[in-house]
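Colleague: My questions all concern the structure below.
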Amino acid sequence: MSLQDQPIVNKVANSGLEQIDLETLRPKGERVLLDIKDQLFQGMILREKDFRDFVKATDWTQYQDKHVAITCSEDAIVPTWAFMLLTTRLNPFARTIVFGDLEELETVIFRKALAHFDYKQFEDKMVVIKGCSDKAVPTSAYVELSHRLVPYAKGIMYGEPCSTVPIYKKPRKK
């Protein structure tokens, strides 16, 4: 039998490795940063009347089904109630609301998704957490996934099935 006649064997598929691609767990929906810096008087302080006028005039439906991070990117005096007020207006429309930047938003979104993930399906299995993705996956999601997998997985690796970095191996029982 020549080399050409031999069937191609997918060793990765036959290895018994289970792969998790965090990008597939990435919740859908647009991410939006609502920065109130433009509502500051002289770029330094929030005036209640002006801010309440802004809140009243804003069409909050533009945030329908979006993931929203609210913040003030200026080093300014912004009372906590201002962010609370924004939250109450966003609440009927936004899918997610966090105080912070877009990175914090992504962390919270993934944390929620990973809280509902079925880890038991990886009981005593070798797991590869896929390392490359088209859309950004925060490092915090990899940390959270690893933390939650340890009680179940026989082993955890990072990367692609053909080239992995070992992360964890369950100790043998004595």
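The values are calculated or read from the model by the stated rules, or taken from the named source; none is laboratory data. As the structure is a prediction and not an experimental result, all values here were calculated from the model. When we count neighbours, we look across all protein chains shown, and the Cβ atoms used for this are built from the backbone with ideal geometry, even at glycine. All accessible areas refer to the heavy atoms of the entire protein, side chains included, with ligands and DNA or RNA removed. Shrake-Rupley method; radii C 1.70, N 1.55, O 1.52, S 1.80 Å.
Colleague: Using DSSP to define loop residues, name the chymotrypsin sites (Phe, Trp or Tyr not before Pro) in the stretch 9-118 whose beta-carbon has at most 11 other beta-carbon atoms within 10 Å.
Modeller: none
Colleague: Before rounding to the nearest 500, sum -39500 (n - 2.57) across all DSSP H runs of length at least 4 in the chain and divide by the residue total; then give [θ] at 222 nm in deg cm²/dmol.
Modeller: -8500 deg cm²/dmol
Colleague: Mind listing the long-range amide H neighbours of Ile167? Cut-off is under 5 Å, sequence gap 5 or more, other chains count too, H placed in the peptide plane at 1.01 Å from N.
Modeller: Those qualifying (amide H under 5 Å, at least 5 residues apart or on another chain) are Ile156, Met157, Tyr158.
Colleague: Would you mind working out the accessible area per residue for the stretch 27-174, using a 1.4 Å probe, and quoting it in Å²?
Modeller: 63 Å²
Colleague: What is the set of long-range amide H partners of Ala94 at a cut-off below 5 Å, with H atoms built 1.01 Å from backbone N?
Modeller: Long-range HN contacts for Ala94: Asp65.
Colleague: Which label marks the calculated value of semi-axes √(5λ) of the Cα gyration tensor in Å, given the options [x] 23, 20, 17; [y] 28, 21, 15; [z] 47, 17, 14?
Modeller: The value matching this structure is [z].
Colleague: Starting from the Cα of Asp75, move 7 Å in the Cα-to-Cβ direction to define the label point; list residues of the stretch 25-53 whose amide nitrogen is under 15 Å from there.
Modeller: Answer for this model: 43-45.
Colleague: Let me ask you something else. Could you give each residue of the stretch 85-97 its phi-based ³J(HN,Hα) in whole Hz, using Karplus coefficients 6.51, -1.76, 1.60 with θ = phi - 60°, and x for Gly or Pro?
Modeller: The phi angles translate into 4, 4, 4, 5, 7, 6, 3, x, 10, 6, 6, 9, 9 Hz.
Colleague: For the stretch 45-117, state which trypsin sites (Lys or Arg not before Pro) are in a DSSP loop and have at most 10 other beta carbons lying within 10 Å of their beta carbon.
Modeller: none
Colleague: In whole Hz, what ³J(HN,Hα) sequence does the stretch 100-111 give by Karplus (6.51, -1.76, 1.60; θ = phi - 60°), x for Gly and Pro?
Modeller: Along the stretch 100-111, the couplings run x, 9, 5, 5, 4, 4, 4, 4, 5, 4, 5, 4 Hz.
Colleague: Rank Pro166, Gly155, Ile45 by how far each Cα sits towards the positive end of the charge dipole of the chain (+1 on Lys, Arg Cβ; -1 on Asp, Glu Cβ) and give me just the farthest.
Modeller: Gly155
Colleague: Which percent, to the nearest 5, of DSSP beta bridges fully inside the chain are antiparallel?
Modeller: 30 percent
Colleague: A follow-up question, please. How much of the accessible area of the stretch 27-124, in percent, comes from carbon and sulfur atoms when a 1.4 Å probe is used?
Modeller: 51 percent
Colleague: Here is a follow-up. Distance between Cα centroids, the stretch 94-125 to the stretch 66-83: provide it in whole Å.
Modeller: The two parts, judged by their Cα centres, are 22 Å apart.
Colleague: So how far apart, in nm, are the two label points at Ser146 and Ala57 if each is 7 Å from Cα heading toward Cβ?
Modeller: Inter-label distance under the simple model: 4.9 nm.
Colleague: Another question, if that's okay. So what's the stretch 90-174 giving for Rg/Rh, alpha carbon basis, Kirkwood Rh from the mean inverse pair distance?
Modeller: 1.06
Colleague: Kindly write out, for the stretch 45-59 in residue order, the coupling ³J(HN,Hα) from the Karplus curve 6.51 cos²θ - 1.76 cosθ + 1.60 (θ = phi - 60°), rounded to whole Hz, with x marking Gly and Pro.
Modeller: Per-residue couplings from phi come out as 9, 9, 9, 4, 4, 4, 5, 5, 5, 4, 4, 5, 7, 6, 8 Hz.
Colleague: Quick one: putting +1 on the C-beta of Lys and Arg, -1 on the C-beta of Asp and Glu, what dipole do you get for the stretch 129-174 around its Cα centre, in Debye to the nearest 20?
Modeller: 500 debye
Colleague: For Ile70, list long-range residues whose amide hydrogen, built 1.01 Å from N in the peptide plane, is under 5 Å from its own amide hydrogen.
Modeller: Sorted by chain and number, the residues that satisfy this are Leu34, Val98, Phe99, Gly100.
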